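Trainee: Can you keep this structure in mind? I'll have questions shortly.
The values are calculated or read from the model by the stated rules, or taken from the named source; none is laboratory data. Since the structure is predicted, the reported quantities are computational estimates derived from the model, not experimental observations. Using ideal geometry, Cβ is built from the backbone for each residue, glycine included, and neighbour counts are taken over all protein chains shown.
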Amino acid sequence: MELKGKVVWLTGASSGIGEALTYALAKEGARLVISARRKEELERVRMRTGLSEADIMILPLDLKKQEEFEAKKDEVLARFGRIDVLLNNGGVSQRSLAKDTHVDVDRQLFEVNFFGTLALTKVVLPVLLKQQSGLIVAVSSAVGKFGSPWRSGYAASKHALHGFFDSLRAEVHNDGIRVLLVCPGFVVTNISYNALKGDGTKLSSMDNATSKGISKEECARQIIAAIKSDKEEVVVSNFKEKLGVYVKRFLPSLFSLMIRKVAVR
């Protein structure tokens, strides 16, 4: 898939992987709609892309306010007339043991990571079906492939994405629509700063495992490569997380021993 001239709507664009993707997509010549909650941060990112106002649109969006999605979609269509790629990247992580995590925190993780992504996808899907073309990308996680300590609710919300988008891929195959699941491992971003603790407050610090991950620029590069090569799923990580995916699949008992000993924070 060539991205030059394509209209790409990207959530979670104000920082981290989303910010790096914005710059990478701009270099590819895409026309961008960048969304996140913080308008001032989106303005900063827009300025750094070097794109003219004709080629980039700032569209503040909160994944928990799903009742606003239909109107947001209409704004995109009024501006660009079409949507070629929906890149679902917005989300929130977790740093707490299951026994210490209030169920309301689990619900919040699902509301943002799963239901927010699902709702926005369902709003955009009729546009893609009418066009008989398009790509839907869902940024999941390596823990969407396997669970790990300190991530029970987060891993569950990411596992749910795989069930939904694998099903959707099969349903829309004959409509010219592709679906890509992206599974990042540790990436050096502020994700741990904003991660929720068991009581719902933010961790507000960089954890050691995240600090040793790949760069957000490398992550964005690999995601763009997966889009352009028509992949259906890609694990974007250091060797250790990729190994975990295969060990979990083929040697589950060994994986169970490994995951108990891996430093994940």
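Trainee: Quick one: which of Gly91, Gly50, Gly29 is within 25 Å of Glu218 (Cβ to Cβ) and in contact with an Asp or Glu (Cβ under 9 Å, 6 or more places away or on another chain)?
Mentor: Gly29
Trainee: Shifting gears a bit: Go through the stretch 190-221 and give me each residue that's buried (at least 18 other Cβ atoms within 10 Å of the Cβ) and either polar (S, T, N, Q) or touching a Cys at 6+ places or on another chain (Cβ under 7 Å) (or both).
Mentor: If the condition is that a residue be buried (at least 18 other Cβ atoms within 10 Å of the Cβ) and either polar (S, T, N, Q) or touching a Cys at 6+ places or on another chain (Cβ under 7 Å) (or both), then Ser192, Thr210 are the ones that fit.
Trainee: Of everything in the stretch 135-167 that's more than 25 Å from Ala225 (Cα to Cα) and under 13 Å from the mean Cα position of the chain (by Cα), which residue is surrounded by the fewest Cβ atoms within 10 Å (Cβ to Cβ)?
Mentor: Tyr154
Trainee: Please work out which one of (1) under 19 Å from Leu109 (Cα atoms); (2) small (Gly, Ala, Ser); (3) not in a loop (DSSP other than H, G, I, E, B) is the condition Ala13 fails and give its number.
Mentor: Checking Ala13 against (1) under 19 Å from Leu109 (Cα atoms); (2) small (Gly, Ala, Ser); (3) not in a loop (DSSP other than H, G, I, E, B), the one that fails is (3).
Residues are listed down the side, and each one gets a yes or a no for (1) crowded, with 21+ Cβ neighbours inside 10 Å; (2) among the acidic types (Asp, Glu); (3) not in a helix (DSSP H, G or I):
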{"residue": "Met1", "(1), (2), (3)": "no, no, yes"}
{"residue": "Thr22", "(1), (2), (3)": "yes, no, no"}
{"residue": "Gly29", "(1), (2), (3)": "no, no, yes"}
{"residue": "Leu32", "(1), (2), (3)": "yes, no, yes"}
{"residue": "Glu41", "(1), (2), (3)": "no, yes, no"}
{"residue": "Glu67", "(1), (2), (3)": "no, yes, no"}
{"residue": "Ala71", "(1), (2), (3)": "no, no, no"}
{"residue": "Asp74", "(1), (2), (3)": "no, yes, no"}
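Trainee: Return yes or no: is Val45 outside any strand (DSSP E or B), closer than 23 Å to Glu217 by Cα and of a type in the set (Val, Ile, Thr)?
Mentor: Here the answer is yes, as Val45 does meet what is asked.
Trainee: Could you grab me the full set of residues in the stretch 193-224 that are in a helix (DSSP H, G or I) and basic (Lys, Arg)? Break it down into steps so the answer makes sense when it comes.
Mentor: Residues of the stretch 193-224 in a helix (DSSP H, G or I): 193-194, 208-211, 216-224.
Matches in the stretch 193-224: Lys216, Arg221.
Trainee: Which one is nearest to the chain's Cα centre (by Cα), of the residues in the stretch 115-134 that are under 30 Å from Ala263 (Cα atoms) and either modelled with pLDDT under 95 or not hydrophobic (A, V, I, L, M, F, W, C) (or both)? I'd like the intermediate steps shown before the answer.
Mentor: Step one: list which residues in the stretch 115-134 are under 30 Å from Ala263 (Cα atoms), which gives 115-117.
After this cut, where a residue has to be either modelled with pLDDT under 95 or not hydrophobic (A, V, I, L, M, F, W, C) (or both) as well, the list is 116-117.
On the way: Gly116: 11, Thr117: 9 Å.
Ranking the candidates gives Thr117 first.
Trainee: Just to be sure, is Glu171 in contact (Cβ under 8 Å) with a residue 60 or more places away in the chain and surrounded by fewer than 22 Cβ atoms within 10 Å (Cβ to Cβ)?
Mentor: Judged against the criteria, Glu171 is not a match.
Trainee: So if I check each of Val112, Val105, which one is β-branched (Val, Ile, Thr) and within 17 Å of the chain's Cα centre (by Cα)? Reasoning before the result, please.
Mentor: Details: Val105 fails: within 17 Å of the chain's Cα centre (by Cα).
Within the list Val112, Val105, the selection yields Val112.
Trainee: I'm checking my understanding of the structure. Among residues of the stretch 226-262 that are farther than 14 Å from Cys183 by Cα and among the small types (Gly, Ala, Ser), which one is surrounded by the most Cβ atoms within 10 Å (Cβ to Cβ)? First the steps, then the outcome.
Mentor: Let us first name the residues in the stretch 226-262 that are farther than 14 Å from Cys183 by Cα, namely 228-230, 247-262.
Those left that are additionally among the small types (Gly, Ala, Ser): 229, 253, 256.
Values: Ser229: 10, Ser253: 8, Ser256: 12.
Ranking the qualifying residues of the stretch 226-262, first place goes to Ser256.
Trainee: Taking the condition of being in contact with a Phe, Trp or Tyr (Cβ under 7 Å, 6 or more places away or on another chain) and closer than 30 Å to Ile34 by Cβ, how many residues in the stretch 88-103 meet it? Step through it out loud before you land on a result.
Mentor: Our first condition is that a residue be in contact with a Phe, Trp or Tyr (Cβ under 7 Å, 6 or more places away or on another chain); within the stretch 88-103, this holds for 93-97.
Within this subset, residues satisfying the condition of being closer than 30 Å to Ile34 by Cβ are 93-95.
The total comes to 3.
Trainee: Name the residue that is surrounded by the fewest Cβ atoms within 10 Å (Cβ to Cβ), counting only residues in the stretch 76-93 that are part of a loop (DSSP other than H, G, I, E, B) and over 13 Å from the mean Cα position of the chain (by Cα).
Mentor: First, pick out the residues of the stretch 76-93 that are part of a loop (DSSP other than H, G, I, E, B): 81-84, 89-93.
Right, trim to over 13 Å from the mean Cα position of the chain (by Cα) and you get 81-84.
Values: Gly81: 8, Arg82: 15, Ile83: 22, Asp84: 20.
This residue is Gly81.
Trainee: Could you please let me know if Gly116 is in contact with a Leu (Cβ under 6 Å, 6 or more places away or on another chain) and not in a loop (DSSP other than H, G, I, E, B)? Please lay out each step first, then the result.
Mentor: Numbers: in contact with a Leu (Cβ under 6 Å, 6 or more places away or on another chain): yes; not in a loop (DSSP other than H, G, I, E, B): yes.
Answer is yes for this residue.
Let's see how each residue does on (1) more than 22 Å from Gly163 (Cα to Cα); (2) modelled with pLDDT under 95:
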{"site": "Thr189", "(1), (2)": "yes, no"}
{"site": "Ala195", "(1), (2)": "yes, no"}
{"site": "Gly198", "(1), (2)": "yes, no"}
{"site": "Ala209", "(1), (2)": "yes, yes"}
{"site": "Lys216", "(1), (2)": "yes, no"}
{"site": "Arg221", "(1), (2)": "yes, no"}
{"site": "Ala226", "(1), (2)": "no, no"}
{"site": "Lys231", "(1), (2)": "no, no"}
{"site": "Val234", "(1), (2)": "no, no"}
